[in-house]
Every structure is written in structure tokens, then in C-alpha cells.
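**Student:** Below: one structure in C-alpha cells.
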Amino acid sequence: MKFIDLISFLRDFYGISNSSLKFKKLKHQDIEILFPFIKRCSIDDVNIEDISHGNIIGVYDKHGMIVYYYNPHITEVIKTICDEEIQEEKEYKLEIDLNALSKDELLKLRSKLRKDGNSIDAFKVTKQIRKVKEKEPKGYYKKKEKLLIKEKMYD
């Protein structure tokens, strides 16, 4: 099996290079403190297959102690694949009567649909919001006229 030193691991996989990082001074405990985003792999999860495929990388420090880290490039690919699968699962049909909802409820529903990535149903909700907005100004002007009449009565 092939192992790499801690400085090379930081430089090659994370792009971290600095003249103050010296191999003779750096140990795995320092990595935990300085770079908490770098994920270690527990010894129970390590198998030869993952190491040979490059999913897990063996890294040694100044004492020669070997610790296994997850390959950050592989985990990014896995995250994007998982995100795509989640988006496919979230596509569902909108089974709500949009005519019965108020404008505020429609806006909240559209926001939720957009966050879920469901653009088709969000577009349907947007159409309903536009219909509600067309009716809204007429009602607003009627209320405004009533208020003006009441104010004139008190003046």
C-alpha cells in the first residue's frame, strides 16, 4: 500500500500550502485543530478496496503514525450524485386546490416549491398568484374610497 506524508496530502488534495507548515513539526492532532473540515476515516471503516480505489487515503505524520482520511474529490462527486437523486425524488404532483388559497399562502407555497427545485409546480402557483393580483387592486381601491369617505365625515 502507498501512503503519503501530511504536507503532500494538504497540498495535493486541499490546496493548502504555506511555508510555516513543516513536516517535522506537523502531526494529525494539529490537523484536527487547524483544519476541522478535513474528515478522518475511522479505522473500522477502512478496507483494502476503498484504499485501492482511492476513496480513502493513508497519511503519515512526523511520528510515522498512519491515519486514514476521506478523499475530498470523491466525496464531492458522491454529494452531487446524492443531490441529483434527492431532486428526482422531490418531483411530485401538486394536489392542492390553488383557488382556495390566499395570496400569502400561495407565496409561501411557491417559495417552498422553488427551494425543493420543483419549478413546474412553482410556475403553476405563479400563474395563480397573478390571477389573484389582478383581482386585488379593484378591492384595494374600493377600501380606499371607503376610508376617504369616513375621513371626510370626521373633518
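**Student:** For L147 and K25, calculate 0.36 nm times their separation in residues minus their Cα-Cα distance, and state this gained length in nm to one decimal.
**Tutor:** Values: separation 122, 0.36 × 122 = 43.92 nm, distance 7.74 nm.
Length gained between L147 and K25: 36.2 nm.
**Student:** Sketch the reach of a paramagnetic label on V46 as a point 7 Å from Cα along Cα-to-Cβ, and name the residues of segment 10-36 whose backbone nitrogen lies under 12 Å away.
**Tutor:** Backbone N within reach: none found.
**Student:** Given R₀ = 30 Å, FRET efficiency for I33-H53 by Cβ-Cβ distance, to 0.05? Don't jump to the answer; show the numbers that get you there.
**Tutor:** Values: r = 30 Å, r/R0 = 0.99.
After rounding, the FRET efficiency stands at 0.50.
**Student:** Note the full-extension length gain between R11 and Y60 as 0.36 nm times their separation in residues minus their Cα-Cα distance, in nm to one decimal. Don't skip to the answer; put the middle values down first.
**Tutor:** Working: separation 49, 0.36 × 49 = 17.64 nm, distance 1.42 nm.
Roughly 16.2 nm would be gained on extension.
The numbers here are math on the coordinates, done by the rules we state, and not lab data. Nothing here was measured: the structure is a model prediction, and the numbers come from that model. Positions of Cβ are generated from backbone atoms using ideal geometry, with glycine treated the same way; all protein chains shown enter the neighbour counts.
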